[in-house]
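To start, the structure under review is shown below, and the notes come after it.
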There are 10 protein chains.
Amino acid sequence: MLFQVEMTVKLPVDMPADKAADIKATEKAYSQELQRSGKWRHLWRVAGSYSNVSIFDVEDNAELQELVSNLPLFPYMEISVKPLCRHPSSVREDDS
Amino acid sequence: MLFQVEMTVKLPVDMPADKAADIKATEKAYSQELQRSGKWRHLWRVAGSYSNVSIFDVEDNAELQELVSNLPLFPYMEISVKPLCRHPSSVREDDS
Amino acid sequence: MLFQVEMTVKLPVDMPADKAADIKATEKAYSQELQRSGKWRHLWRVAGSYSNVSIFDVEDNAELQELVSNLPLFPYMEISVKPLCRHPSSVREDDS
Amino acid sequence: MLFQVEMTVKLPVDMPADKAADIKATEKAYSQELQRSGKWRHLWRVAGSYSNVSIFDVEDNAELQELVSNLPLFPYMEISVKPLCRHPSSVREDDS
Amino acid sequence: MLFQVEMTVKLPVDMPADKAADIKATEKAYSQELQRSGKWRHLWRVAGSYSNVSIFDVEDNAELQELVSNLPLFPYMEISVKPLCRHPSSVREDDS
Amino acid sequence: MLFQVEMTVKLPVDMPADKAADIKATEKAYSQELQRSGKWRHLWRVAGSYSNVSIFDVEDNAELQELVSNLPLFPYMEISVKPLCRHPSSVREDDS
Amino acid sequence: MLFQVEMTVKLPVDMPADKAADIKATEKAYSQELQRSGKWRHLWRVAGSYSNVSIFDVEDNAELQELVSNLPLFPYMEISVKPLCRHPSSVREDDS
Amino acid sequence: MLFQVEMTVKLPVDMPADKAADIKATEKAYSQELQRSGKWRHLWRVAGSYSNVSIFDVEDNAELQELVSNLPLFPYMEISVKPLCRHPSSVREDDS
Amino acid sequence: MLFQVEMTVKLPVDMPADKAADIKATEKAYSQELQRSGKWRHLWRVAGSYSNVSIFDVEDNAELQELVSNLPLFPYMEISVKPLCRHPSSVREDDS
Amino acid sequence: MLFQVEMTVKLPVDMPADKAADIKATEKAYSQELQRSGKWRHLWRVAGSYSNVSIFDVEDNAELQELVSNLPLFPYMEISVKPLCRHPSSVREDDS
């Protein structure tokens, strides 16, 4: 089941550089693990911003909450969520 | 080059049913042609709405304008556009 | 799986009274059928408005879309959707 | 008498971890006491966020104010309130 | 129990003058009956607008909904509602 | 001459408790003095918030500015102002 | 006593040209009468728009309401009002 | 050439009182110099706020930028700008 | 003197096709005349929309108002204006 | 390929003056290098603000992201992006 998730990172400007680097490295590893598992199906940068557009593929709302709330950057992000499903005009049989 | 395009359809409530059906049929054919050509890479319905989330793959801004402004439903939609590119944490080499 | 759905009805002020009555009667029957089936778990009026707050219990996003987009008042409503899940502080084992 | 209450937690990112843990533990106990008393009828997490959707069942506006303003997280939350009542299309006799 | 209700009238500019006059006359009579009963405790015009600020004194949310939704101008107004209660700094014992 | 004034208190979450208590005590005394003088005609709490709805009765705009800007909580509040006058449908002769 | 009033004209695009011309001529005469009387102290066009910024000098809120609600274009305008008074840094003794 | 400029002061609540007093004194002197030169034609307080409405009379956009960006409170203000010109219904020959 | 002007066209969906074509043709001719005169320095389409971003080079605010309010599409557009001037980091001596 | 980029600088008011000066100097050098290369085609100040309107000319979305995210002021700015292309009414053959 798909969700579009948009995330905008708002790190405090006075966060020490090494702390920021640590969080970002952990975030990257966590994100790549989810991408490889197929849970985080797409991840794009919005050009000219510190935002991304993502497509998550989860079992249900509870799993979405678990994955998103465990993002290392979760306390520093503005996040919006839209539930998605197959569009009747899609040329594909599934939701890809 | 990718763009996220979000479209919300606002058909006039007093549009004759057959005219609405005609426009929707033309829109569907046009959309499916673009999907098959690879220009309209993803098309999802936002659950609980008359909106979609789409990913377009175009040569440049001018082609995006050409494809979107020729949508049969273009005069009846609210549309927002975000330019996308590969995210540095993506596990893929390209922008898929 | 739960979704909060908020609906605000915006009937055209010049809609003939009998047409409006027809749509509302069909909406009521459809709503009550869904309530009895358990799909539309809660339905409350927002006091001082022509809006409701609803809780839907569906299989997945696709079923939410099917139920909501078939509402007889769907073309006349502003609708917002929030995916819900069990809260970690809830005293209940399930999502009720 | 019912109210829908939506709360979004905005803890300062530099709050010491043990202080945050203390507040959250107190909040959880307070919330569960109110849930057991029947005053806090429903409590759901909004998936992908640090927000909840709640239904309060109180005597009057003054009791709502008393319960909400005593939440341990009250100084750290954005809160919106909507008064609810039985919907004329509800299949139930009461406001459940 | 008190509610602040703000109403902004948006009559269609092409409504026939006599129909508008009829609705306004019925609205005035209905409003004055509620004011005399004590249910509509205060009614003020917002200067420079076609809006009012009102204070309703009702039994509960359901009565608020009944009174407001029966306003003859209800289909033509934007309405917002805030539940009120006695302020701890008020010099009065009651909510006046 | 009446004004509706809505105030929302936003105290810094790290303000020392005794400083906050001092400001609130001064605010309460100042508010009650104005209420007793008749300048601050009504003061209500908005249920579920740290906001109030107030009705001021002043000589002119300059007096409103003087009274509001001298509130001890003035630097910590979001404030909106609406000028009021007697409504043509009011059952009273004056603006009460 | 001064008020800043900002008005944006939204004439229906299908209003007959002669009706629009009539309303505008009446508006102009009414506006110029108020300007000459000193009630409408300043009137400026916002460049690139169908809006104006105005300064009214009235006895009280009730007179502001009377003058503004009698504008021939009143049903076709979005209007916002701000009460003004002498600024403590003004070099003038009065509110000019 | 006229511009309407609206400024809202947002001083940090923890700014030392003497530093705030210094900035305000410098601002006042700067403002009064510009008022006397005729560049800052009007300056009004918005009643019930820490905002002002101002009318600037400058040679061109560059001068507006120079005057406004040199305000001692510039780093602490939210500022909006509207270009103005003579209104066709004005009773005056110039833009006063 | 430069202004950025953003225009979004909102033609009524029921405007007869030939009337729309006439307006657009007149708009195009008018726009091209202003471009050739140097008054309308740049004109770009916003990709995926019926909007443009324009740079006007005018004598003063009054000329901006004259040029913009005479656009044949003026009654059908939402327009926003920003005054521009040379940026201190620009590599050019003038405002180009 | 063109993009309009609007940037508003929000430096922390407590940033040490020499640090701010350093960042601004680096920003200016970076900006001028991009302007000379033709990538940053136009740079204008919005009069009365700490904002600019810019036109970037880049190969694709990825280059836009690279250039913008490397701005020394990037962590301190609110940035909005609009993709542009040649307007059908432009008198020029290219996108200038």
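The values are calculated or read from the model by the stated rules, or taken from the named source; none is laboratory data. In this text the structure is predicted, and so the values were computed from the model without any measurement. Every residue, glycine among them, receives a Cβ derived from its backbone with ideal geometry; neighbour counts consider all protein chains shown. Calculation scope for accessible area: heavy atoms of the full protein, side chains included, ligands and nucleic acids excluded. Shrake-Rupley method; radii C 1.70, N 1.55, O 1.52, S 1.80 Å.
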> When the Cα centres of region D:1-67 and region I:21-48 are compared, how far apart do they sit, in Å?
Replying inline: 56 Å
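Tell me the total accessible area that G and I bury against each other, 1.4 angstrom probe, in square angstrom rounded to 100.
Numbers: alone 6420 and 6400 Å², together 12240 Å².
Interface area, both chains combined: 600 Å², rounded to the nearest 100.
Report in % the part of the accessible area of chain I that belongs to carbon and sulfur, leaving out ligands and nucleic acids; probe 1.4 Å. Please report the intermediate quantities before stating the final value.
Details: 2020 of 4140 Å².
Whole-percent figure for carbon plus sulfur exposure: 49.
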>> What are the ³J(HN,Hα) couplings of region B:68-76, residue after residue, when phi is run through the Karplus curve with 6.51, -1.76, 1.60 and θ = phi - 60°? Round to Hz, x for glycine and proline.
In response: 6, 6, 8, 4, x, 8, 3, x, 10
> With Cβ to Cβ distances under 13 Å as the rule, what net charge do the other residues near H:Pro16 carry (K, R +1; D, E -1)?
Replying inline: -2
> In whole angstrom, and with the biggest value first, how far do the Cα coordinates of chain A range along each principal axis?
Replying inline: 48, 26, 20
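Rounded to the nearest 500, what is the 222 nm mean residue ellipticity of the protein assembly as shown from helices alone, with -39500 (n - 2.57) per DSSP H run of 4+ residues and division by all residues?
On the way: 20 runs with 300 residues, N = 960.
Result for the protein assembly as shown, helices only: -10000 deg cm²/dmol.
What is the calculated FRET efficiency for F:Val13 to C:Arg36, with r their C-beta to C-beta distance and R₀ = 51 Å, to the nearest 0.05?
Working: r = 47 Å, r/R0 = 0.93.
With R0 = 51 Å, the Cβ-Cβ based efficiency is 0.60.
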> What list of ³J(HN,Hα) values in whole Hz, one per residue of region G:30-46 in order, does the Karplus curve 6.51 cos²θ - 1.76 cosθ + 1.60 (θ = phi - 60°) give from phi, with Gly and Pro shown as x?
Replying inline: 4, 4, 5, 4, 5, 4, 5, 6, x, 6, 9, 6, 9, 9, 10, 7, 7
> With charges set only on the Cβ (+1 for Lys and Arg, -1 for Asp and Glu), what does the dipole of region B:13-96 come to about its Cα centre, in debye to the nearest 20?
Replying inline: 320 debye
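For chain B, what is the accessible area per residue in Å², given a 1.4 Å probe and the full set of protein chains? Please report the intermediate quantities before stating the final value.
On the way: 4160 Å² over 96 residues.
Roughly 43 Å² per residue, with all protein chains present.
What is the sum of charges, Lys and Arg at +1 and Asp and Glu at -1, for the other residues whose Cβ falls under 15 Å from the Cβ of A:Leu34?
Numbers: positive: A:Lys28, A:Arg36, A:Lys39, A:Arg41, B:Arg92; negative: A:Glu27, A:Glu33, A:Asp57, A:Glu59, A:Glu63, A:Glu66.
With Lys, Arg at +1 and Asp, Glu at -1, the net is -1.
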>> Using each residue's phi in region H:85-90, evaluate 6.51 cos²θ - 1.76 cosθ + 1.60 at θ = phi - 60° and report the 3J(HN,Hα) Karplus result to the nearest Hz, with x for Gly and Pro.
In response: 8, 4, 8, x, 9, 5
>> Taking beta carbons within 10 Å but only from partner chains, what does the mean come to for residues D:56-64?
In response: 5
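What is the calculated FRET efficiency for I:Glu78 to G:Ser80, with r their C-beta to C-beta distance and R₀ = 22 Å, to the nearest 0.05? Don't skip to the answer; put the middle values down first.
Working: r = 17 Å, r/R0 = 0.78.
The pair I:Glu78/G:Ser80 has a calculated efficiency of 0.80.
Within a 10 angstrom radius of each residue's Cβ in E:25-33, how many Cβ atoms of other chains show up on average? Whole number is fine. List each step's numbers first, then the result.
Details: counts 0, 0, 1, 4, 1, 1, 4, 3, 1.
Counting other chains' Cβ atoms within 10 Å and averaging over E:25-33 gives 2.
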> Considering amide H positions built from the backbone, and no H for Pro or chain starts, which residues 5 or more places from E:Arg41, or on another chain, come under 5 Å of its amide H?
Replying inline: E:Ile55, E:Phe56, E:Asp57
> Which whole-number percentage describes the relative contact order of chain F, with Cα contacts under 8 Å and a sequence gap of 6 or more?
Replying inline: 46 percent
>> To confirm my reading of the symmetry, which residue of chain F has the Cβ nearest the axis that brings F onto C, and what whole-Å distance does it have?
In response: F:Ala47, 6
>> At R0 = 60 Å, how high is the FRET efficiency between B:Ala20 and J:Asp22 if r is their beta carbon distance? Nearest 0.05 is fine.
In response: 0.50
> Given H:Phe74, H:Trp40, H:Leu64, which one lies farthest toward the positive end of the charge dipole of region H:2-84, if we put +1 on the Cβ of every Lys and Arg and -1 on the Cβ of every Asp and Glu?
Replying inline: H:Trp40
> For all pairs of alpha-carbon atoms in the protein assembly as shown, what percent lies in each bin of width 10 Å, listed from the first bin to the last filled one?
Replying inline: 2, 10, 17, 23, 25, 18, 6, 0
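State to the nearest 20 debye the size of the charge dipole of the protein assembly as shown about its Cα centre, where the only charges are +1 on K and R beta carbons and -1 on D and E beta carbons. Please list the in-between numbers first.
Numbers: 110 positive and 150 negative charges, 0 e Å.
The dipole magnitude comes to about 0 debye.
Say the cut-off is 32 Å between C-alpha atoms; which of B:Lys19/B:Lys39; A:Lys82/J:Lys39; F:Lys10/H:Lys24; D:Lys24/J:Lys19; D:Lys39/E:Lys28; C:Lys82/F:Lys28 go over it?
Numbers: B:Lys19/B:Lys39 27 Å; A:Lys82/J:Lys39 35 Å; F:Lys10/H:Lys24 23 Å; D:Lys24/J:Lys19 38 Å; D:Lys39/E:Lys28 39 Å; C:Lys82/F:Lys28 40 Å.
From the list (B:Lys19/B:Lys39; A:Lys82/J:Lys39; F:Lys10/H:Lys24; D:Lys24/J:Lys19; D:Lys39/E:Lys28; C:Lys82/F:Lys28), the Cα-Cα distance tops 32 Å for A:Lys82/J:Lys39; D:Lys24/J:Lys19; D:Lys39/E:Lys28; C:Lys82/F:Lys28.
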